[in-house]
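For reference, the structure is listed below as structure tokens.
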């Protein structure tokens, strides 16, 4: 996400540097309540079914109260699971 072309004065060559991309995948997931965010979790990889199940077991489940409703979006790792909290 850098400019590919530039301008220099008097026909001089335009020289610039850009960082080499050492990109990593980072996933952040959290529960949202009306008044605050709960059960935040950061994962140094892409989300998959096993990681989501671990998040639900270790982070989300302890914060739930009787009568709470959990709504998930249609992310494919979530859809592939059939489990009950």
*Scan 33, 13 and give me the residue that is within 21 Å of the chain's Cα centre (by Cα) and without any contact (Cβ under 8 Å) to a residue 24 or more places away in the chain.*
33
*Per-region count, the stretch 5-31, residues surrounded by 10 or more Cβ atoms within 10 Å (Cβ to Cβ) and modelled with pLDDT of 90 or more*: 5
*Being in contact with a strand residue (DSSP E or B) (Cβ under 6 Å, 6 or more places away or on another chain), farther than 30 Å from residue 22 by Cα and surrounded by 10 or more Cβ atoms within 10 Å (Cβ to Cβ) is the filter here, so list the residues in the stretch 32-79 that pass it.*
38, 60, 63
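Listed here are the residues, each with its yes/no results for (1) at positive phi; (2) at pLDDT 90 or above; (3) assigned to a helix (DSSP H, G or I).
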{"position": "3", "(1), (2), (3)": "no, no, no"}
{"position": "42", "(1), (2), (3)": "no, yes, no"}
{"position": "57", "(1), (2), (3)": "no, yes, yes"}
{"position": "77", "(1), (2), (3)": "no, no, yes"}
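The values are calculated or read from the model by the stated rules, or taken from the named source; none is laboratory data. Here the structure is a predicted model, which means the values were calculated and not measured. Neighbour counts are summed over all protein chains in view; Cβ atoms, including those assigned to glycine, are modelled from backbone coordinates with ideal geometry.
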